[in-house]
Amino acid sequence: MTRKILVLNGPNLNLLGTREPGQYGHSTLADVEAACTAHGQRLGHEVECFQSNWEGALIDKIHEYGRLFREGKVLGVVFNPGALTHTSIALHDAIKGVEPLPVIECHISNVHAREAFRHHSWVSPVAGGIVVGFGTDGYLLAIDGLVRKYGATARD
């Protein structure tokens, strides 16, 4: 049975390709979404991509996928919360509130090698795994990890 994977992106990730290319590379969000969609299809899963600069929209999407997971329609979420990683207890609570929905936290840059305020994540304690520092290829690694770790045990 094919289950959906959500690739969820937070604030400012719509600026990929133009915002700090030395830090985030030259791939656009559309490039990332196309790569994730194709990779998911190769693995036998449908990928939905969603980006918002609004915390509430991200929370609503997490809630929606929690419901879909309980219905057996979803494998999990790959989530790059952007700067909200370091500030949003609400995202932490949203993810915790839809457990056991698997959420893989993903960051393009190595946040631990950057400014000190980026070293703390409110998402990590409720994430099923974390991928950092592999550029936009990290999304594909996160999808692979999600499928490998949860594909055999998720609802069929």
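The values are calculated or read from the model by the stated rules, or taken from the named source; none is laboratory data. What you are looking at is a predicted structure, and each value in this text was computed from that prediction instead of being measured. So basically every Cβ, Gly included, is an ideal-geometry build from the backbone, and we count neighbours across all protein chains shown.
Looking at LEU84, is it surrounded by 14 or more Cβ atoms within 10 Å (Cβ to Cβ) and part of a helix (DSSP H, G or I)? Criteria met by LEU84. Between a first residue in region 20-45 that is acidic (Asp, Glu) and a second residue that is at pLDDT 95 or above and surrounded by 14 or more Cβ atoms within 10 Å (Cβ to Cβ), which pairs have beta carbons less than 6 Å apart while being 6 or more apart in sequence or on different chains? Listed by first residue and then by second, the contacts come to GLU33/CYS49. Just wondering, is there one or more residues in region 90-97 that are within 21 Å of ARG148 (Cα to Cα), of a type in the set (A, V, I, L, M, F, W, C) and surrounded by fewer than 19 Cβ atoms within 10 Å (Cβ to Cβ)? Looking through region 90-97, none of the residues is within 21 Å of ARG148 (Cα to Cα), of a type in the set (A, V, I, L, M, F, W, C) and surrounded by fewer than 19 Cβ atoms within 10 Å (Cβ to Cβ). In region 116-136, the residues that are on the phi > 0 side of the Ramachandran plot form Cβ pairs under 7 Å with partners that are surrounded by fewer than 16 Cβ atoms within 10 Å (Cβ to Cβ) and at pLDDT below 95, at six or more places apart or across chains, as follows: GLY133/ASN110. Just give me the residues in region 90-109 being out of contact with any Leu (no Cβ under 9 Å at 6 or more places or on another chain) and over 14 Å from ILE62 (Cβ atoms), in sequence order. Scanning region 90-109 gives HIS107, SER109.
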